[in-house]
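Peer 1: Below: one structure in structure tokens.
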Amino acid sequence: MKQYILPSLKLTLVMIILCAVLYPMLISGVAKLSPGAGKGETVEVDGKVVGYKLIGQSFTADKYFWGRPSAVNYNAAGSAGSNKAASNPDYIQTVKDRIDSFLIHNPGIKKNEIPAEMVTASGSGLDPDISVKSALVQVKRIAATRQLSEDLLRNLITANSISSFVAPEKVNVLKLNIALDKLK
């Protein structure tokens, strides 16, 4: 038994140094080379940080495009989904409440026209993007609130949409709302 203790202690010490010291230092070094130097890519307006490129924010005013709901209230420190099954009564009620709220704020939209992503939280709860369809379904509300033409808003969505080879077309909600504020 004694013959195994010393090698076990040595292996434990080596793994502590590897996993608790060297690996975190390596990851921190790599992060410093990334955009934002490991602190996240900030979005600035007039020299002031207004948010982060890859973290969703809560927009609830009718004059703004809304993003996906968040199960963690957009808290990046606690990224998570709701972990409730689609059959969970609490989850079903939450989604129904979101649908009702969306319909109240977007008159003229039918229930079946609401994209699912506008009433369900993502797995991370922090998605900064919505589909172009989700942005377009909000155009009437924003046009009426801001007294802008719907065509102008559709063009703004198109100008701010991001497409890639592997993912459907999407729009960063924060950047879209910044562009929206710059219209007036």
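Peer 1: Please list, ordered by chain and number, the residues whose modelled amide H lies under 5 Å from the amide H of Val50; skip anything fewer than 5 residues away on the same chain.
Peer 2: Val43, Glu44, Val45
Peer 1: Which stretch or stretches of the stretch 169-184 have amide N atoms under 17 Å from the point lying 7 Å from Leu152's Cα along the Cα→Cβ direction?
Peer 2: Answer for the stretch 169-184: 176-184.
Peer 1: Could you work out how far apart the two model spin labels at Asn75 and Leu22 are, taking each label as a point 7 Å from the Cα in the direction of the beta carbon, and quote it in nm?
Peer 2: Those two pseudo-labels are separated by 3.7 nm.
Peer 1: So which trypsin sites (Lys or Arg not before Pro) in the stretch 73-129 end up in coil per DSSP with only 15 or fewer other C-beta atoms within 10 Å?
Peer 2: Those satisfying the criteria are Lys84, Lys110.
Peer 1: Read through the labelled values (1) 1.97; (2) 1.40; (3) 1.03 and report the label of the one computed as Cα Rg over 2.2 N^0.38 Å from the structure.
Peer 2: After the calculation, the listed value that fits is (2).
Peer 1: Related question: Among all the aspartates and glutamates, which ones have a C-alpha under 16 Å from Lys175's C-alpha, if same-chain residues fewer than 8 places away are not counted?
Peer 2: Glu41, Glu44, Asp46, Asp127, Asp129
Peer 1: Mind scanning Lys63/Lys84; Lys32/Lys133; Lys110/Lys182; Lys39/Lys170; Lys140/Lys182; Lys96/Lys182 and naming the pairs with a C-alpha gap bigger than 28 Å?
Peer 2: Values: Lys63/Lys84 31 Å; Lys32/Lys133 36 Å; Lys110/Lys182 30 Å; Lys39/Lys170 24 Å; Lys140/Lys182 19 Å; Lys96/Lys182 34 Å.
From the list (Lys63/Lys84; Lys32/Lys133; Lys110/Lys182; Lys39/Lys170; Lys140/Lys182; Lys96/Lys182), the Cα-Cα distance tops 28 Å for Lys63/Lys84; Lys32/Lys133; Lys110/Lys182; Lys96/Lys182.
Peer 1: Ok, one more. Trypsin sites (Lys or Arg not before Pro), restricted to the stretch 7-77: which are DSSP loop and have at most 16 other Cβ atoms within 10 Å?
Peer 2: Working: sites: Lys10, Lys32, Lys39, Lys48, Lys53, Lys63; in loops: Lys39, Lys53, Lys63.
Passing both the DSSP loop test and the Cβ count: Lys39, Lys53, Lys63.
Peer 1: Hey, another quick one. Would you work out the charge dipole size for the stretch 31-94 about its Cα centre, treating the Cβ of every Lys and Arg as +1 and the Cβ of every Asp and Glu as -1, and quote it to the nearest 20 debye? Please report the intermediate quantities before stating the final value.
Peer 2: Details: 7 positive and 5 negative charges, 33 e Å.
It works out to roughly 160 debye.
Rule-based calculations on the coordinates, nothing more; no lab input. Bear in mind that the values here come from a model prediction, so they are computed numbers and not experimental data. Don't worry about glycine lacking a Cβ; one is built from the backbone with ideal geometry, like all the others, and counts go over all protein chains shown.
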